[in-house]
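Chemist: Mind having a look at this structure? Questions to follow.
The values are calculated or read from the model by the stated rules, or taken from the named source; none is laboratory data. On a predicted model such as this, the values are computed, not experimentally measured, just so you know. Virtual Cβ from ideal backbone geometry, glycine too; neighbours counted across all protein chains shown.
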Amino acid sequence: MNPESPLIHTKHVFRAALLLLAVIVTLLLGRSLFVPDTWGEYGWYRGAAVDDHRARQVRHLGDDPCAMCHDAESADHSAGVHAQIRCELCHGPVVLHADLEEGEKTGDMPIRRSRELCELCHRELDARPAGFPQIDVREHLSDQGADLTPDACFECHDPHSPY
Amino acid sequence: MSKHPNCRNPRHDKVSRREFLRTTGSAVAGACAVVLVLPEGSAEGVEGADYDWNQHRWVYLVDTTACIGCGSCVRACRAENAVPEGMYRTWIERYEIPAEGEALVDSPSGGEQGFAPVTSSLNVRKAFFVPKICNHCLETPCTQVCPVGASFSTRDGVVLVDQEHCIGCGYCVQACPYGSRYINPTTHTADKCTLCYHRITKGHKTACVEICPVGARQLGDRNDPYDPVNEILATRRVQVLQPELLTRPQCYYLGLDMEVR
């Protein structure tokens with residue numbers, strides 16, 4: 001070929017273009033392999049992560065499921081001063097106890113029948129709001145002439161509807 | 001075509017090219033048909049299937065004057081979200097402020113098992129509880145430092161961690177000025193309050209709000225004009241934690257004392 005011809009570099013340019021193409025294809029392949037499917041669906045994160053969070057099981061379901069079987073306790077509870085206290089506050093999440101779709105009991109509710117349970121809310125503390133009912137349990141029991149037993153509170157007070 | 005002379009795989013004797021193309025082709029066509037036929041809204045009837053995150057913007061309100069420090073929220077959070085022992089997505093701090101000198105701040109086990117009476121001889125004139133959670137900031141330091149995009153804000157205003165994508169480097173744990181994040185010892189990924197995203201997108205309140213016996217914690221929706229929390233934010237004097245950091249927290253406090261950080 002004539003050394004003056006502009007076509008003399010065709011081969012080099014072709015090789016460089018081929019190399020560039022190979023690099024681009026490798027990058028695209030690598031990207032499709034390593035970037036998750038739903039990446040960038042909503043922003044710079046994996047869109048499916050939102051669904052992962054939403055798919056988790058709801059474990060606390062409020063008082064309504066409890067009333068399905070426990071009529072008496074439920075009636076007591078909703079008529080007393082503890083009406084605004086959720087059953088699950090003392091008893092734990094309902095999913096530990098019942099399969100609501102099947103309507104079956106699946107396990108025993110972990111009931112913590114102890115003085116400490118009452119004291120979580122009602123032990124006298126200076127950081128609690130002044131108007132909230134609080135008590136020094138030791139003082140109260142000695143006033144009443146009662147012993148400091150683990151379930152002393154329940155001798156007189158029904159936790160579902162205390163006075 | 002005959003098989004390669006070096007091939008010792010007996011299975012290659014049995015499938016001809018024509019047969020292979022026919023079976024593969026019909027399998028691919030079948031798969032495509034299944035994808036095309038499946039209706040888009042096949043999740044209908046599932047709780048929260050019609051949830052639209054463009055219709056909500058979640059905020060949180062804490063009334064420190066109401067909190068009794070019982071720790072029910074901490075226990076409910078652990079039960080709802082399987083939070084590992086020793087880690088907290090929400091916790092309660094107790095402030096005992098004497099007339100003179102340093103304030104006494106404690107949070108034994110995050111307040112999970114309540115609080116014992118203070119035995120110090122300080123002349124405490126002011127004492128209160130402050131429940132804390134992730135502030136779900138609008139200007140999030142935590143998501144900004146994530147090197148892999150595993151931490152993000154949803155369109156309805158919740159800061160979440162992608163548990164599958166997180167590499168557990170812990171930058172976000174360091175970046176959060178409120179100490180709201182931890183590295184989960186089981187999964188070795190960053191973990192935090194999700195504002196019970198699995199609950200609020202299905203019409204429930206967060207576990208902590210649901211369980212609080214005195215209404216000290218409330219969940220609000222900025223896009224709902226009749227939301228009681230919006231009413232409080234509009235008419236009452238509210239504060240956020242460390243406003244000087246300009247993180248624009250979406251967890252608001254009523255009755256917040258200047259000692260609280």
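Chemist: Of the residues that sit in segment A:119-138 and are more than 10 Å from chain B (Cβ to nearest Cβ) and assigned to a helix (DSSP H, G or I), which one is surrounded by the fewest Cβ atoms within 10 Å (Cβ to Cβ)?
Modeler: A:Arg138
Chemist: Same structure, new question: Going through A:Cys156, A:Cys121 one at a time, which residue ends up being more than 27 Å from B:Cys193 (Cα to Cα) and of a type outside the set (Val, Ile, Thr)?
Modeler: The unique qualifying residue is A:Cys156.
Chemist: Here's another thing I want to ask about it. Could you tell me whether B:Ala103 is surrounded by fewer than 17 Cβ atoms within 10 Å (Cβ to Cβ), over 30 Å from B:Gly255 (Cα atoms) and modelled with pLDDT under 95?
Modeler: For B:Ala103, the condition - surrounded by fewer than 17 Cβ atoms within 10 Å (Cβ to Cβ), over 30 Å from B:Gly255 (Cα atoms) and modelled with pLDDT under 95 - is not met.
Chemist: Please go through segment A:74-90 and pick out each residue that is within 8 Å of chain B (Cβ to nearest Cβ) and closer than 19 Å to A:Arg112 by Cα.
Modeler: The answer is A:Ile85, A:Arg86, A:Glu88, A:Leu89.
Chemist: Within segment B:190-214, work out how many residues are assigned to a helix (DSSP H, G or I) and either within 14 Å of B:Arg57 (Cα to Cα) or more than 8 Å from every other protein chain (Cβ to nearest Cβ) (or both).
Modeler: So the answer is 4.
Chemist: In addition: Which of the residues spanning segment B:215-226 are buried (at least 17 other Cβ atoms within 10 Å of the Cβ), away from chain A (no Cβ under 13 Å) and not polar (S, T, N, Q)?
Modeler: Residues satisfying the conditions are B:Leu219, B:Gly220, B:Asp221.
Chemist: Sticking with this structure for a sec: Looking only at residues in segment A:10-37 that are under 18 Å from B:Ile167 (Cα atoms) and either in contact with a strand residue (DSSP E or B) (Cβ under 6 Å, 6 or more places away or on another chain) or aromatic (Phe, Trp, Tyr) (or both), which one is nearest to the other protein chains (Cβ to nearest Cβ)?
Modeler: Only one residue tops the list, namely A:Pro36.
Chemist: Let me ask something additional. If we scan segment B:107-117, do we find a residue that is within 10 Å of chain A (Cβ to nearest Cβ), over 17 Å from B:Leu254 (Cβ atoms) and among the aromatic types (Phe, Trp, Tyr)?
Modeler: Yes, segment B:107-117 contains at least one residue that is within 10 Å of chain A (Cβ to nearest Cβ), over 17 Å from B:Leu254 (Cβ atoms) and among the aromatic types (Phe, Trp, Tyr).
Chemist: Considering B:Ala127, B:Ala66, B:Ala79, which residue is at the interface with chain A (Cβ under 7 Å from one of its Cβ atoms), out of contact with any Gly (no Cβ under 8 Å at 6 or more places or on another chain) and crowded, with 16+ Cβ neighbours inside 10 Å?
Modeler: Just one listed residue meets the conditions, B:Ala127.
Chemist: Criterion first (touching a Gly at 6+ places or on another chain (Cβ under 9 Å), free of Cβ contacts under 8 Å to residues at least 40 places away in the same chain and not β-branched (Val, Ile, Thr)) does A:Pro93 satisfy it?
Modeler: No; evaluated as a whole, the condition is false for this residue.
Chemist: Then there is this: Looking at segment A:91-108, which of its residues are more than 13 Å from A:Leu61 (Cβ to Cβ) and within 14 Å of chain B (Cβ to nearest Cβ)?
Modeler: A:Gly107
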